[in-house]
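For reference, the structure is listed below as structure tokens.
Rule-based calculations on the coordinates, nothing more; no lab input. Bear in mind that the values here come from a model prediction, so they are computed numbers and not experimental data. As a convention, Cβ positions derive from the backbone with ideal geometry for all residues, glycine included, and neighbour counts pool all protein chains shown.
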Amino acid sequence: MKKAYRILAILLCLSMLFALAACSAKQENTTEDQKPDETATETTDTAEPSGDAPASEEAPEEMTLSVAWWGGAARNERIEKTLDLYSELNPNVSFSTATNNFSDHYTAMATAAASSDLPDMWLLSASLWLNQFAGSNQLLDLTPYIESGALDVSQIPETILESGRANDGKIYAIGAGYSGPAMQYNKTALETAGITVENGMTIEDFCKKCAEIYEKTGLKTVINNPEMFIEYLLRADGKLLYDDGRLGADSSEDLLPYFELMERGRSEGWLIDYETWVSAGGDSAQQPIVTGATWNCMWNANQLPLVQGPCPDGVELDLITWPTSDLAKSNYMLANMVWGIGINTEHPDEAVALLNWWINSIDVQKIMLGEMGVPLNAEAAAAVTPELDESTKKVFNYELDVVVPESSKANPTGGNGAAEVRALIDELEEGMYYGSISAEEAAERLFTEGNALMAAGKA
């Protein structure tokens, strides 16, 4: 019996020795070839990760993130490329995307918000929509992610970061790029006619140039972006368009210069007809400055490449400031196109990681090439500058040489009621184009009805 116990003990000892040897071999092999979780960590770091999740032996969760924005074909293509790159670096992440023109994008996002189905990451207008969607609890508060470092804003100027801060003091969005108002103009046509234009023209200077250009070239003038233009003119007098639940104008007289400009253009014949203007829609190739109907258009500086691209060979566009009585007060830099994250996202950390990567990755900016403005990340902006095409270099130079030295802090976001005021302004603009309303009537309606809309939004 003792002999049997002795044999059994020997067998147990041998079994334990074999087990220990196997464990030791496994450990040595893993050290040499790297543990699976270490391999994943290194790959993620090199690939600009989608987050700092702890290493795990489990495969990353497969997920589809939804992304939505507005823009033309060039922007669509470039954003899609950035998302494709992210999926290459993070194979567990795929994307569903949606794009529209500006107004249809707003309608789609408002509809999605009503059904708690906003995209994981989506583009919005800081001045028009931020407070509306933040105030109705439709946007993820990014402040905790900024405080934790998950959303790195160390390379973003404070004034630009403020573009995403809502009235409650929290940051709900981060800019896709920054730019400022600028007038795109047909440099070739004006130089051929011996006409020069310059930064800082007054309204009177501008009107005289429009008349001269029309007389010598037959090219008319478009006055677009009425909300931004009215704001631009008010800033020269130290006033806001939107000011704490009301319009910042003291009376309708403050709003009159914009409408008088349109009225003068119509009476003198140099203002483009409304049908020609609106028929272009969001198609860059159909913009009047491209088709030769006008010598100008009035957008943000970053949109120069959008209209330069489809121009006929030999036509060179350039940038100047909008007319104003005080350029330093009117001019500003703004990240008006901002990325926000829908409050109902099932993947908040991953959506934040995507946003962090998008704003800070040099590779992203090498794909975007300034299409959405100057990159917020200063290092990325410096890295991408040598790769820009000529029209985009003009944008960067305009911002750095004209806007930065002579500009003021951007206005706060519009708040509730701003979208309705914008619709009213668009209605009044159409009336001015057709001559169905006088400048005085338009200014009075904007003052009276605009204040009522802002008050209703605040209530």
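General remarks:
- Net charge contributed by nearby residues that have their C-beta within less than 13 Å of residue 402 (K/R +1, D/E -1): -4
- Histogrammed with a bin width of 5 Å, the alpha carbon distances of the range 298-387 distribute as 2, 11, 16, 17, 18, 15, 11, 6, 3, 1, 0 percent, first bin at zero.
- Applying D = kT/(6 pi eta Rh) to the range 237-277, where Rh is the Kirkwood radius over alpha-carbon pairs, T corresponds to 25 °C and eta to 0.890 mPa s, the Stokes-Einstein value obtained is 203 µm²/s.
- Charged side chains reduced to their Cβ positions (Lys and Arg at +1, Asp and Glu at -1) give the chain a dipole of some 860 debye around its Cα centre.
- Rounded to 5, the percent of DSSP beta bridges in the chain classed as antiparallel: 65
- The orientation-averaged shadow of the Cα convex hull for the range 94-248, equal to a quarter of the hull surface, comes to 13.2 nm².
- Counting only Cα atoms, the range 227-386 measures 55, 48, 32 Å along its principal axes, largest extent leading.
- Volume per residue that the Cα convex hull of the range 169-311 spans, once the total is divided by residue count, Å³: 141
- Size estimate for the range 302-459 follows the Kirkwood approach: the inverse of mean 1/r over distinct Cα pairs works out to 19.2 Å.
- C-alpha long axis of helix 126-135 to longest principal axis of the chain, angle in °: 50
- Excluding same-chain neighbours fewer than eight residues apart, the aspartates and glutamates reachable from residue 394 by a Cα-Cα span under 20 Å are 191, 198, 313, 316, 318, 371, 379, 406.
- For the chain, the longest principal axis of the C-alpha atoms and the axis of helix 439-458 are separated by about 30°.
- Between residue 212 and residue 77, the distance separating the two model label sites (each 7 Å from Cα on the Cα→Cβ line) works out to 3.8 nm.
- Cβ charges +1 (Lys, Arg) and -1 (Asp, Glu), total dipole of the range 306-361, debye: 220
- Packing-based exposure ordering (other Cβ within 10 Å, fewest first) of 95, 229: 95, 229
- For the chain, pairs of C-alpha atoms spaced more than 42 angstrom apart make up 25 percent of the total.
- Positive-end extreme of charge dipole, the range 166-256 - chosen from 222, 240, 169 (charges on Cβ): 222
- In the range 262-366, taking the dipole from charged Cβ atoms about the Cα centre, the farthest positive-side position among 327, 343, 285 is held by 327.
- Between the listed residues 202, 130, 97, the Cα displaced farthest toward the positive end of the dipole of the chain, a dipole computed from Cβ unit charges relative to the Cα centre, is found at 97.
- Size of charge dipole - the range 316-446 - debye, nearest 20, with Cβ of Lys, Arg +1 and Asp, Glu -1, no other charges: 360
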